[in-house]
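The structure under discussion appears below in the form of structure tokens.
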Amino acid sequence: MNTGFTLWFTGMSGAGKSTISAILAERLRALGAKVEVLDGDVVRTHLSKGLGFSKEDRDENIRRIGFVCELLSRNGVVAIAAAISPYRAVRDEIRARIPLFVEVYVECPVEVLARRDVKGLYRQALNGEIGQFTGITDPYEPPLNPEVTVNSSRETPEESARRIWATLERLGFIDFDRSTFPHQ
């Protein structure tokens, strides 16, 4: 596990990107990999502080995350980005810059996301109280050809992590003894 790569999670708010990426990060670290997680919420409070939610600011936020992922992965680190990254063109731009790039689409229906939402943001957006809310009043463009799609309304985070892990194995990013994976 000396080769760095970028594992890019995209999906709407509350879909499970952070939860699934944390599971994978822990398992990769257990194998001795150097791993950094760039969580969209954390990045916005530090690296992208001051950016708003216009299309231009969202694009800039994703470009900054992509730049850090590019640096990390070319230096032998597994960079995991867990950010909504709503616009396909910017995700594709990042993919073109990073040679070892795996896109993970965390799919989940809006109805399920709204039920999960403890802050009530989906309800507010659906009622027109919040503007520029991804997937409701602002677009979310699902990837056309992600390396793997998981659906957090039908799978547990652990099941999704296993499916992503299997994809990483199939693509040759990791060599892993499955017998150490729980519930196999």
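The values are calculated or read from the model by the stated rules, or taken from the named source; none is laboratory data. Bear in mind that the values here come from a model prediction, so they are computed numbers and not experimental data. With ideal geometry, Cβ positions are generated from the backbone for all residues, glycine too; neighbour counts draw on all protein chains shown.
Each row is one residue, and each column tells you yes or no for (1) in contact (Cβ under 8 Å) with a residue 24 or more places away in the chain; (2) surrounded by 16 or more Cβ atoms within 10 Å (Cβ to Cβ).
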position: Glu111; (1), (2): no, no
position: Arg115; (1), (2): no, no
position: Leu121; (1), (2): yes, yes
position: Tyr140; (1), (2): yes, yes
position: Leu144; (1), (2): yes, no
position: Ser160; (1), (2): yes, yes
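Filtered by the rule that a residue be touching a Leu at 6+ places or on another chain (Cβ under 9 Å) and either in a loop (DSSP other than H, G, I, E, B) or modelled with pLDDT under 90 (or both), the range 153-170 gives a lone residue, Ser153. Annotation note: of Glu93, Glu103, the sole residue that is under 28 Å from Glu60 (Cα atoms), assigned to a strand (DSSP E or B) and at pLDDT 95 or above is Glu103.
Checking each residue in the range 14-32 for being in contact with a strand residue (DSSP E or B) (Cβ under 6 Å, 6 or more places away or on another chain) and under 26 Å from Glu107 (Cβ atoms) picks out Ala15, Gly16, Lys17, Ser18, Ser21, Ala25, Leu28.
Looking across the range 32-56, the residues that are surrounded by 14 or more Cβ atoms within 10 Å (Cβ to Cβ) and either touching a Leu at 6+ places or on another chain (Cβ under 6 Å) or acidic (Asp, Glu) (or both) come down to Val35, Glu36, Asp39.
Annotation note: of Ile62, Ile80, the sole residue that is crowded, with 20+ Cβ neighbours inside 10 Å and in contact (Cβ under 8 Å) with a residue 40 or more places away in the chain is Ile80.
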